[in-house]
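Read-outs throughout are calculated quantities, based only on the coordinates presented, and are distinct from any laboratory measurement. Not measured: the values here are computed from a predicted model. Using ideal geometry, Cβ is built from the backbone for each residue, glycine included, and neighbour counts are taken over all protein chains shown.
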Amino acid sequence: MAKSNDTISKTLIVAFLLCIVCAVVVAGSAVALKPQQVKNKELDRRSNILLAAGLLEPNQVTADKVTELFKKVTVKAVDLRTGEFTDAVNPDSYNQMKAASDPDMSKVLKNDPAGIKRRENISLVYLIGNVDHPDKIILPVRGYGLWSTMYGFLALEGDANTVAGFGFYQQGETPGLGGEVDNPNWKALWPGKEIYADNSMDPEIHLVKGGVSPQTPNAENKVDALAGATLTSRGVTHLLQYWLGRDGFGPFLEKYRSEGA
């Protein structure tokens, strides 16, 4: 008499083989799709840089358009400890977020208004035009809001003080409140604002609850806070003041500011 197929051992064998087959299929798909995922991630990074700089409109984001426009961008590595360009890393392959978690390539922050805990020693910057006298300077910035770390790009004019554009490409703030950092109307408030006052290296830019009008004192250094999102607004202020301050890009930007003075 033939043995029944309905046994625990055979059921377990079939389940085990099915798991193996599924694992092989999933692993194979992941390997096959990896190059495209890397390509898409790079396209997204480049498009967000161009959007912040005002070189690209949201409805123009195509691979060909982004590739064409990004030819205008020079990627440089800056040592945040000195504010000088460095050849210590290759800008084409350097991963500064990975560096930020490496004790040998970053430092623990004692004064941490942006809530990032560690800061990489070397950051990438993106320059449009002549490297010595750029038309625009685009800086990667990040900091904690209410629920999430917000990642964005801040574009400055060649004077290293006037905002050309600002936007976040990754954030997990409350939709309709802190999530309004993605609102085009709010982002449109930033161009023309000034980071520093007089010759100070301490940034004055900050968000103001209740809104800013032309009559507001020092209105050039102030932007409307997000309605109903006090902690997210505070996070935006803190991350900008950190990254544009003495421990961030402040020393790097100072050379452009002094040359343009």
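Taking a ≥ b ≥ c as the square roots of the Cα gyration tensor eigenvalues, with a/c under 1.5 meaning rounded and otherwise prolate when a/b beats b/c, else oblate, which class fits the range 132-230?
Working: a/c = 1.97, a/b = 1.28, b/c = 1.53.
In terms of gyration-tensor shape, oblate.
Any idea what the dipole of the chain comes to, in debye rounded to 20, about its Cα centre with Lys/Arg Cβ at +1 and Asp/Glu Cβ at -1?
On the way: 28 positive and 30 negative charges, 207 e Å.
My answer is approximately 1000 debye.
Compute the acute angle (0 to 90°) between the alpha-carbon long axis of helix 250-260 and the principal axis of greatest extent of the alpha-carbon atoms of the chain; round to the nearest 10°.
For 250-260 against the chain, the angle is about 40 degrees.
Would you mind getting the Kirkwood hydrodynamic radius of the range 93-170 from its Cα pairs, rounded to one decimal in Å?
Taking every pair of different Cα atoms in the range 93-170, averaging 1/r and inverting gives 13.8 Å.
Along the positive direction of the dipole of the chain (beta-carbon charges: Lys, Arg +1; Asp, Glu -1; about the Cα centre), which of 238, 21, 139 reaches farthest?
21
What is the packing order of peptides 57-69, 180-192, taking the mean over residues of other C-beta atoms within 10 Å and listing the highest first? Intermediate values should be presented prior to the final figure.
Details: 57-69: 12.3, 180-192: 14.5.
Ranking, from highest mean packing down: 180-192, 57-69.
Hey, if you put +1 on the Cβ of every Lys and Arg and -1 on every Asp and Glu Cβ in the chain, which of 121, 95, 73 ends up farthest toward the positive end of that dipole?
It is 95.
So how strong a dipole does the range 190-239 carry about its Cα centre when Lys and Arg Cβ are +1 and Asp and Glu Cβ are -1, to the nearest 20 debye?
260
So what's the convex hull volume per residue for the Cα atoms of the range 10-71, in Å³?
So the per-residue hull volume is 94 Å³.
Using all Cα-Cα distances in the range 75-129, what percent lands in each 10 angstrom bin from 0 up to the longest?
Each 10 Å bin holds this share of Cα pairs: 25, 52, 21, 2.
What list do you get for 201, 97 if you sort them by fewest beta carbons within 10 Å?
97, 201
One quarter of the convex hull surface, Cα atoms only: what value does that give for the range 41-119 in nm²?
Seen from a random direction, the Cα hull of the range 41-119 projects 6.7 nm² on average.
From the square roots a ≥ b ≥ c of the eigenvalues of the alpha-carbon gyration tensor of the range 204-261, which class results: rounded (a/c under 1.5), prolate (a/b over b/c), or oblate?
Values: a/c = 4.62, a/b = 1.55, b/c = 2.98.
Oblate, since a/c reaches 1.5 and b/c is not below a/b.
Between residue 24 and residue 111, what is 0.36 nm times their sequence separation minus the Cα-Cα distance? Round to one decimal in nm. Could you put the intermediate results ahead of the total?
Details: separation 87, 0.36 × 87 = 31.32 nm, distance 4.73 nm.
That works out to 26.6 nm of additional length.
Taking the Cα centre of the range 38-106 as origin, work out the dipole magnitude from +1 charges on Lys and Arg Cβ and -1 charges on Asp and Glu Cβ, in debye rounded to 20.
Around 200 debye, computed over the range 38-106.
Rg to Rh ratio, the chain, alpha-carbon atoms and Kirkwood radius?
That ratio equals 1.13.
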